[in-house]
Every structure is written in structure tokens, then in C-alpha cells.
Ligand SMILES: [Zn+2]
């Protein structure tokens, strides 16, 4: 086995070489912690999930999508790290997006694992993956309010429908508020509630080795999608940026993201993410000028006309998340009535 050392904060973690990992997909991060890399077919991407083992007892953070191959890879990894007959005890979910939560139901059925997730994720599961019609209607209404032209509404409001195929929801056994200390594989991990990407998104922080399991909150190569939509919190970008600062204050030795490779320099990455969003906020404020625009008009001016429905909807909802933070900060004025939501630059307020 080809071992590549990952050195962080004077400590040494060993990782399996990338060439071998392509087949095995299992990497040791620290004693008793392994990363498994699972495929996400529709984006030719990988989601990283983490196994915490003590003897033959294994706990898991995130579980990949629901396909037979992905579930089989998780079950094989559990035996690989825990030995033949290893048992899966706890499954913690960072958030309910398909690549993190999809296989939860299948794993509960197969292993009886206890499922932990933040309580703000729980009410989103049924409308998103089981009884979709009400949410699809709400999304359609929201798209119209934000200026999406009628010919685009139907495609955009139905864009998520296919995702349910990759999710078999499991009922949570433990609902988290954040700030709990969980024991996984004999380690103590503190739950850090980091709303923004999803209302009940959580990270886990290893209190002994200062490892930050960051979920989708801090990714090394891409900027996390932050969207304002009917299931989001009311100011997701503001919450996301605050969450970044809280995580940075933990002074993590190593960041283990859900996508991309582990990295040590959290401060530089967090600074880049702040700068990226600040630039976007300034750009949107500047383009509003004195004009009153819908969210859709803003999205087209920033990102141009997109052809892919996913890209269109993400551009709109990402633009709305920025507009909302600008409105919270009083940099733009948000006008809302039953006919729609429009935005314009704020006039200077009289002082005194
Ligand atoms: Zn996600």
C-alpha cells in the first residue's frame, strides 16, 4: 500500500496513495478515521464520507446516494475498517442533500443504524423526497413572484424531481440542535450548526485532534451553493458567512470537506470565500442603480442567459440570496406584494 503523509499542525496522518484509492476509495485520515469516496453519477463528482471505527463497531458521517453500487461500497468499507462482521452503529448526516443523505433509508433497513441529523433538516425530507407536489407548487409560485417568465417556470419548478430517485429517506432517531458532543469511534466530536447551504447543515469538530469535518460548508475548490428559496432560511448567505467565521475561530488543524481533498489552511480559504461573496454583493448593488429589478432580471445580468434548467434556477436563487443579504444590510430596498418581489438601490436614509 502506497502511503502519502498528510502533515498538519505537527501531526502526521497517513493517506493511501491516489492511484490505489481510485479502486479502493478508502483513505486513512487519522487513527480510527477513514474517508470513503463515493461517486455522484450526475455530476461526475465524488462525495467524501467518513468512517469512525473502534474495534468492530463503526460509525459513519454521511452516506452517499441511493444506488445499489454506492450502498454496497459503504457496506464493504465498513467491513474493511471494522473487520468481518463489523457493525454500523451510528450514522450522522451533515444535511439532507442526496449525496449526503440518499442511502440513509437503505442503510437503516440493512443494518439498523441509528440516524442523527439536525432537526431543521427533518421537516424538509417529506416534501422534498416523498410527497413532492406541494413543494413543487410552492417553488412555482416563488419563481413567478421573482419574475421568472411563464415558459421557464414549469421546467425550473420541476428541476429537482429526478433527485428523489437517488434518495431513500430514513427516519431520524436523534434530532440535533447543534453544540452536542457525540461519541463516534471512541472520539469526541462537537456538532457545529452551520446554517446557510441548508437550514440544518452541521459540521463535526474532533475535540482531541482539531479535525473539522466540514460537509459542504468549506470546500477547497468550489464555492458552496447558497440559495434563497421556499425551504431555505430567510437569510442564508448571511448565516453562511457567519458560520464560516465561527468555524475559523475553532482553529482547525485539518479541514475534511465533503468534496475535494483535505486541506490545512482554513484561514486562507475562508478569506477567499468571504472575498468572493463580497465582490458579488458589490456587483449586484452596483448594477441595481436606480432601477427596480426582479430577482430574475438581476440573475440574467450577472450570469447571462443560461440554457441548463439547473443553472438557471441556481443563478436565480443564488442571486436572491445575495439580494436578501443586501436588503438585511439596508444596502438595497426589497419591495414585496402579492404581485411580486422587486429590488432597488436604497436611498441614503436621513440621520439624526
Ligand atoms: Zn449539499
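The values are calculated or read from the model by the stated rules, or taken from the named source; none is laboratory data. Keep in mind that this is a model prediction, so the values were computed, not measured. Positions of Cβ are generated from backbone atoms using ideal geometry, with glycine treated the same way; all protein chains shown enter the neighbour counts.
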Checklist outcome for this item: When region 300-332 is checked residue by residue, the ones that are outside any loop (DSSP other than H, G, I, E, B), modelled with pLDDT of 95 or more and touching a helix residue (DSSP H, G or I) at 6+ places or on another chain (Cβ under 8 Å) are 316, 318, 319, 320, 321, 322, 323, 324, 325, 326, 328, 332
Checklist entry - How about region 207-229: which of its residues are in contact (Cβ under 8 Å) with a residue 40 or more places away in the chain and either more than 11 Å from the ligand (Cβ to nearest atom) or part of a helix (DSSP H, G or I) (or both)? => result 209, 210, 211, 212, 213, 214, 218, 220, 223, 228, 229
Checklist outcome for this item: Per the list (1) touching a residue at least 60 places away in the same chain (Cβ under 8 Å); (2) in contact with a strand residue (DSSP E or B) (Cβ under 9 Å, 6 or more places away or on another chain); (3) surrounded by fewer than 18 Cβ atoms within 10 Å (Cβ to Cβ), residue check on residue 310 breaks on (2)
Next on the checklist: Condition first: surrounded by 14 or more Cβ atoms within 10 Å (Cβ to Cβ), out of contact with any helix residue (DSSP H, G or I) (no Cβ under 7 Å at 6 or more places or on another chain) and over 20 Å from residue 196 (Cβ atoms). Can you find one or more residues in region 336-346 that meet it?
Outcome noted: yes
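Of all residues in region 184-203, which are in a loop (DSSP other than H, G, I, E, B) and either within 16 Å of the ligand (Cβ to nearest atom) or out of contact with any strand residue (DSSP E or B) (no Cβ under 8 Å at 6 or more places or on another chain) (or both)? Explain how you work it out, then say what you get.
Residues of region 184-203 in a loop (DSSP other than H, G, I, E, B): 185-186, 194-201.
Listed by number, the residues that qualify are 194, 195, 196, 197, 198, 199, 200, 201.
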Checklist entry - If residue 87 passes every condition in (1) more than 15 Å from the ligand (Cβ to nearest atom); (2) surrounded by 17 or more Cβ atoms within 10 Å (Cβ to Cβ) but one, which one does it miss? => result (2)
Item to check | Those helices (runs of 4 or more DSSP H) lying entirely in region 80-155 with at least 2 residues under 21 Å from residue 204 (Cβ atoms) | outcome: 98-101, 104-111, 122-125
Next on the checklist: Restricting to region 266-296, name every residue that is surrounded by 13 or more Cβ atoms within 10 Å (Cβ to Cβ), farther than 24 Å from residue 320 by Cβ and without any contact (Cβ under 8 Å) to a residue 40 or more places away in the chain.
Outcome noted: 271
Next on the checklist: residue 49 - would you say it is within 16 Å of the ligand (Cβ to nearest atom), surrounded by 19 or more Cβ atoms within 10 Å (Cβ to Cβ) and in a strand (DSSP E or B)?
Outcome noted: yes
Item to check | Of all residues in region 230-247 being within 15 Å of the ligand (Cβ to nearest atom) and surrounded by fewer than 20 Cβ atoms within 10 Å (Cβ to Cβ), the one that is farthest from residue 46 (Cα to Cα) | outcome: 233
Checklist entry - Which residues, taken from region 248-268, are more than 16 Å from the ligand (Cβ to nearest atom), out of contact with any strand residue (DSSP E or B) (no Cβ under 7 Å at 6 or more places or on another chain) and part of a loop (DSSP other than H, G, I, E, B)? => result 249, 251, 261, 265
